[in-house]
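Undergrad: Before I ask anything, here is the structure I am working with.
Coordinate-derived values only; no laboratory data. Every value quoted in this text rests on a predicted model; they were computed, and no experiment measured them. Note: ideal-geometry Cβ built from the backbone for every residue, glycine included; neighbour counts use all protein chains shown.
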Amino acid sequence: MKALWVILRKELADAFRDRRMVVVSFVVLPLAIPLVLGITGTLSARKQASQLESTLDLPVAGAERAPNLVAWLGSQNLRVVPAPADPDVAIREQRYDVILSVPEEFASDWRAARPARVELVFDSSRPLATGTTIARVRALLDAYDAEVGTLRLVARGVHPALARPLQVALHDVATPDSRFDLAQQLLPYLLLLLAFIGGMQLAIDATAGERERNSLEPLLATPVSREIIISAKILATAVFTLASIAVTLLAYRLVFALIPVGDLDASLDLAPGALAQLFVVILPVVLLGATLLTALAAFARSYREAQGYLPLLIFMPMIPTLVLMVAPVRTQAWMLLVPFLSQNQLILRILRGEPIAPLEWLVSLASASALAGVAWLAAARLYHREQLAASA
């Protein structure tokens, strides 16, 4: 254990001598991640609120065919403006978010009490930019449809309730802590990516870099077993990465505690207990990442070759996050056995303030730790190769 401690201190001392690596790991990344998430979330919320509350300019083609509809829309914080000659082109060129078109047969259908058709022209390929505006216009048209339908029934002596046999009441059980926006949904991926490859520079330099500097061979020539040597290097990478993540989580809480959320019915802050849970969740990922990076550095013949393998490793924490963002599913028992997918699900549950059972903690930590153990065996085997100490 003494040899392990000596090598661990030596690797950490070398790491903290590298000022660029320290600045990136303890200043740039800890500030960049919460600032990007915080600014993105705030701008998104403000844009959505502005689109919902500001006066909306709505181009209407054939407005003279539906004067009552146009007048009603004008009373709903909406300004009707002339439509362009070619609505399709105007929408594609992003001059407008949505255009309302009233066909020629609208007036005759309306007077005959037949369903009168109107058409909304929009581009569904830009939901983040135009989705709120489109939803707002559709909601207004639905409200006008219901209002006129009610008046027609009353005029014919029919109670409006007869046309609405089902009344739907909304009961939302979500709490402010469980509501978070798209920006915070990126947090699991960013945390897992930082935990997995955050110590890549230290891990690669501790093996491939030392081999190129001819400083690895004297270390391997000592009586210390190679299992202890590689364990010390892995622990050094893990400790360095965990320290960087701890600073990142503290910066995250500070940034989101200071961001003004205004009238948003959501909590962007995280309690200290939630931060501690996030730290525990990513512990095995840090260990797995440090082990795989060390094994990769031992396998590669040079520092540059080891860096060339990094894009392949980046995909490992990326895949479950992207899948869950596109097709979110309910957490199931088997998911806790899959590294990265398990941590992703647990992080989302912590952000929502949902409780996690002790067995779920145990299964998640054990599965990722077991995979880290397999990676350690592979790395230890690579450290026993005779050509390890030979520089390329």
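Undergrad: Hey, got the dipole for the chain? About the Cα centre, +1 on K and R Cβ, -1 on D and E Cβ, debye to the nearest 20?
TA: 840 debye
Undergrad: Then there's this: Under the rule that an exposed site lies in a DSSP loop and has at most 15 other Cβ atoms within 10 Å, name the longest stretch of the chain with no GluC sites (Glu not before Pro) of that kind, not counting the sites themselves.
TA: The longest uninterrupted stretch comes out as 106-392.
Undergrad: In a shell of Cβ-Cβ distance under 15 Å around ARG117, excluding ARG117 itself, what net charge do Lys and Arg (+1) and Asp and Glu (-1) give?
TA: -2
Undergrad: At ALA155 and LYS10, where each label point lies 7 Å from the Cα along Cα→Cβ, what is the point-to-point distance in nanometres?
TA: About 9.3 nm, to one decimal.
Undergrad: Still on this structure, please answer the following. Tell me what the chain gives for mean residue ellipticity at 222 nm when only DSSP H runs of n ≥ 4 count, each as -39,500 (n - 2.57), the sum divided by the residue total, rounded to 500 deg cm²/dmol.
TA: One gets -20000 deg cm²/dmol as the mean residue ellipticity at 222 nm.
Undergrad: Of all beta bridges DSSP finds with both residues in the chain, what is the antiparallel percent, to the nearest 5?
TA: Of the beta bridges lying entirely in the chain, close to 35 percent run antiparallel.
Undergrad: For the chain, what does the relative contact order come out to in percent, with C-alpha contacts under 8 Å and a separation of six or more?
TA: 21 percent
Undergrad: Okay, next question. Alpha carbon centre of segment 367-389 versus segment 86-101: separation in Å?
TA: 59 Å
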